[in-house]
Amino acid sequence: MRKQWGLLAVFFGVALVASVFGSNFLSGYNLENLTNRTALFSILALGAGIVIAVGGIDLSIGSVVCLCGIATPWLLVEHGWPAWQVVPVVLGMAAAIGLMHGLLITKLRLQPFLVTLCGLLLYRGLARWVTGDQSQGFAGEFDGLRSLALGRIPVPFIEGYRIPATVIPLAVLAVGTSLVLTRTVWGRWLLATGSNESAARISGVPTQRLTIAAYVACSLLAGLGGMLFIFDIGSAQPSDFGNFYELYAIAAAVLGGCSLRGGRASVGGIVLGTATLQVLRNAIILLGLSSQLEFAVIGAVLLLGMTADELLLRWRERRAERRAPSG
Amino acid sequence: MIHAILASLVLAAAPAATLHAASPADRAALLAAQKARVTEMAKAPKASPHLAFVSNGVADFWTIAKAGALAAGRDLKCQVTVEFPGAGLSDQKRMLEDLVTRGIDGVSVSPIDPKNQREVLDLIAERSLLITNDSDAPEAPRLAYIGMDNYLAGRKCGELARAGLPGGGEVAIFIGRLEQDNAKRRWQGFVDGLLGRSVDATRRDDHTKPFTEAGYTILGTWTDSFDRAKAKANVEDVMTRNPGLDLVTGLFEYNSVLALEVFKQAGKAGTIKIAGFDEGAEVIEGIREGSVLGTVVQDPYGYGYQSIVLLHALTQGKLEALPASGEIAIPARTITKENVDAFWSDLKAKLAAGKAVK
């Protein structure tokens, strides 16, 4: 839990600065946009968090976003497939990618870093080859399907703010993941696998099956995220769609309390980590800072938050040591 | 076995190492050497020369250019290789070096950063024939440039915006990136056209700061490094920050497409005006509906086709094919409600041709 307090302080600190010095930060339209971006990136970060919790890493998230996102309009528009076939086929493809990662990592004992790095190259390359580098879009059609991302649900008694439709899949996934992690034996086993794989295996935990399941979940979420992203932006170019999204997802998960050493995850922290990154990016424009400064500001603020957090933790530990009875 | 592999690797690396060591001969000497090579070729013209067309990135624009280059290759019965560097400057350098290593007879390239690509452009001029397309490198030893003047095209877009917003107002500029020469020139052209300034391609305004002139306030320029989610977020955030926003321009194809998307979602399509660049399908539809003022389009098919035609003529020893000015102008056109339908049907035919030669 410790990381969330520091992150919460950064989140509210940035929001406060943006609302005092920026223009219209608290307007319904801006909050609506921020909610939508947070929901979209959180879906990817949830997947990254699950894999990190089991002690792995997935660098192919951005490329799976690209392949699944590009495949959706490619099948719908170019090949005329009906939506009820496209959605399960694309999600099935994402799950198959995750299954392949999981099997290579557990059965062949290949390093997760390498397997998913190869995936990063492979899936983007496939997307570029299949489409001939032609950008793919919905050509003004499929508004019904696109409303899964573009839809807005009015909130009674609140003027100007509507809940983006992307919040629904995020809420379902976040609550589901949180329940699995905290309330089921599978969740505890998953964290135990990430904490100490050998100890968990000796204790009878099916570590390989859990690791495979984590990679399937991660790719499935990336695939779903890819679909929602392309529903949101309407068209995408395979050479750049989803580039570096794995870094945003991993950064948000780690900021939100997932340990890269495995064994620790917090769904609330992951969503908060994503929200902090999105609020930072938004604040830079609303404060009128040069967009060239964006990465520098994000890096500096997060580094500051994490350093303060670590110093606070050490201070608490020292205080606890002093209070503990000696001998 | 290992020794044999190592030896073959060393042998394979040897010609590349020699190429890298090419001395930076001066432009005039390299131009003269290429022309002398063309004259020499007249004595024994190659039946099927191998020519290359290299883009500065991956985009639909380049897919149309590729169709043009391949169509010319088919018409002239020569071998054409088309390369799209997907990872920027280093990728383009690697592709160009590899083409030279393969013994390419002529290269048409859209250099990403000509000032810092002197070495590789000199290398092509030394070993092959160099022409540029889309984005020029006037200081490089290129025999010709095929394309439009990005400054003048930017001006057309600026003039389109000025005509749509004659009383002045708040304007925001969105562009994928500003590093490359054509983007900088296009940006400056837009600003000069909007503000009704005189034609001066050497003028340089500071794009990092907002400024007001002639009744127009340029709020700023936002880049996205080709991340479309970011490009969309940029438009949303700029609209949030500036409720009085009157007009936006997207100087790369998808920027205007996404601006239109954002305005439609916010119920502001047509209220906030858009001056577009390139031919995004949604922008074309927006012009028909009246929610986009118009768009400035290039002729990428022509860039591809004319590049191969010129390089082929040179490999046949026809030095007279070189334009006296060093430039073959394929000017940009402004597409508005009046000519949008004719333009679109012509483009669709070219896109179909592009798919056929994929």
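A few points about this structure:
- Within the range B:44-68, considering residues that are part of a helix (DSSP H, G or I) and within 14 Å of chain A (Cβ to nearest Cβ), the one surrounded by the most Cβ atoms within 10 Å (Cβ to Cβ): B:65
- Of the helices (runs of 4 or more DSSP H) lying entirely inside the range B:171-276, those carrying at least 2 residues that are within 14 Å of another protein chain (Cβ to nearest Cβ) and in contact (Cβ under 8 Å) with a residue 60 or more places away in the chain are B:228-241, B:253-265.
- When the range B:30-86 is filtered for residues that are within 14 Å of the chain's Cα centre (by Cα) and among the hydroxyl-bearing types (Ser, Thr, Tyr), the ones remaining, listed by number, are B:55, B:63.
- Test result for residue B:38, at pLDDT 85 or above, in a helix (DSSP H, G or I) and assigned by TED's automatic domain parsing to the domain that holds residue B:318: yes
- Qualifying residues in the range A:97-143 (those that are free of Cβ contacts under 8 Å to residues at least 60 places away in the same chain and among the small types (Gly, Ala, Ser)) - the one nearest to the other protein chains (Cβ to nearest Cβ): A:132
- Restricting attention to the range A:16-44, the residues that are more than 14 Å from every other protein chain (Cβ to nearest Cβ) and touching a residue at least 40 places away in the same chain (Cβ under 8 Å) add up to 1.
- If only residues of the range A:128-143 that are small (Gly, Ala, Ser) and out of contact with any Phe, Trp or Tyr (no Cβ under 8 Å at 6 or more places or on another chain) are counted, the one that is surrounded by the fewest Cβ atoms within 10 Å (Cβ to Cβ) is A:140.
- Evaluated against (1) surrounded by 14 or more Cβ atoms within 10 Å (Cβ to Cβ); (2) away from every other protein chain (no Cβ under 12 Å), residue A:315 falls short on exactly one condition, (1).
- Scanning the range B:105-120 for residues that are under 16 Å from the mean Cα position of the chain (by Cα), buried (at least 23 other Cβ atoms within 10 Å of the Cβ) and not in a loop (DSSP other than H, G, I, E, B) yields B:107, B:108, B:109.
- Which listed residue, of B:213, B:261, is outside the structural domain of residue B:130 (by TED's automatic domain parsing), buried (at least 20 other Cβ atoms within 10 Å of the Cβ) and of a type in the set (Asp, Glu): B:261
- Scanning the range B:145-170 for residues that are in contact with a strand residue (DSSP E or B) (Cβ under 7 Å, 6 or more places away or on another chain) and assigned to a helix (DSSP H, G or I) yields B:153, B:156, B:157, B:160, B:161, B:164.
- Residue within the range B:289-309 that is within 14 Å of another protein chain (Cβ to nearest Cβ), without any contact (Cβ under 8 Å) to a residue 40 or more places away in the chain and surrounded by fewer than 24 Cβ atoms within 10 Å (Cβ to Cβ) present: yes
- Check on residue A:284, free of Cβ contacts under 8 Å to residues at least 24 places away in the same chain and under 19 Å from residue A:26 (Cβ atoms): yes
- Within the set B:32, B:72, the sole residue that is touching a His at 6+ places or on another chain (Cβ under 9 Å) and either within 14 Å of chain A (Cβ to nearest Cβ) or part of a helix (DSSP H, G or I) (or both) turns out to be B:72.
- Evaluated against (1) small (Gly, Ala, Ser); (2) within 14 Å of chain A (Cβ to nearest Cβ); (3) surrounded by fewer than 20 Cβ atoms within 10 Å (Cβ to Cβ), residue B:317 falls short on exactly one condition, (2).
- Residue A:78, sole failed condition from (1) under 20 Å from residue A:237 (Cα atoms); (2) among the acidic types (Asp, Glu); (3) under 22 Å from the mean Cα position of the chain (by Cα): (3)
- Selected residue (criterion: surrounded by the most Cβ atoms within 10 Å (Cβ to Cβ)) from residues of the range A:144-167 that are within 14 Å of chain B (Cβ to nearest Cβ), small (Gly, Ala, Ser) and part of a helix (DSSP H, G or I): A:149
- Just one of the listed residues (B:342, B:329) is free of Cβ contacts under 8 Å to residues at least 40 places away in the same chain and of a type in the set (A, V, I, L, M), and it is B:342.
- Qualifying residue in the range A:54-63 (condition: assigned to a helix (DSSP H, G or I) and of a type in the set (A, V, I, L, M)): yes
- Enumeration of residues in the range B:232-253 that are within 17 Å of residue B:269 (Cβ to Cβ) and under 23 Å from the mean Cα position of the chain (by Cα): B:232, B:248, B:249, B:250
Results for (1) within 29 Å of residue A:206 (Cα to Cα); (2) assigned to a helix (DSSP H, G or I); (3) among the basic types (Lys, Arg), shown as yes or no for each residue.
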{"site": "A:69", "(1), (2), (3)": "no, yes, no"}
{"site": "A:84", "(1), (2), (3)": "no, yes, no"}
{"site": "A:96", "(1), (2), (3)": "yes, yes, no"}
{"site": "A:124", "(1), (2), (3)": "no, yes, yes"}
{"site": "A:134", "(1), (2), (3)": "no, no, no"}
{"site": "A:176", "(1), (2), (3)": "yes, yes, no"}
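The values are calculated or read from the model by the stated rules, or taken from the named source; none is laboratory data. Given the structure is predicted, the values throughout are model-derived calculations rather than measurements. Cβ sites come from the backbone with ideal geometry, for glycine too, and all protein chains shown count toward neighbours.
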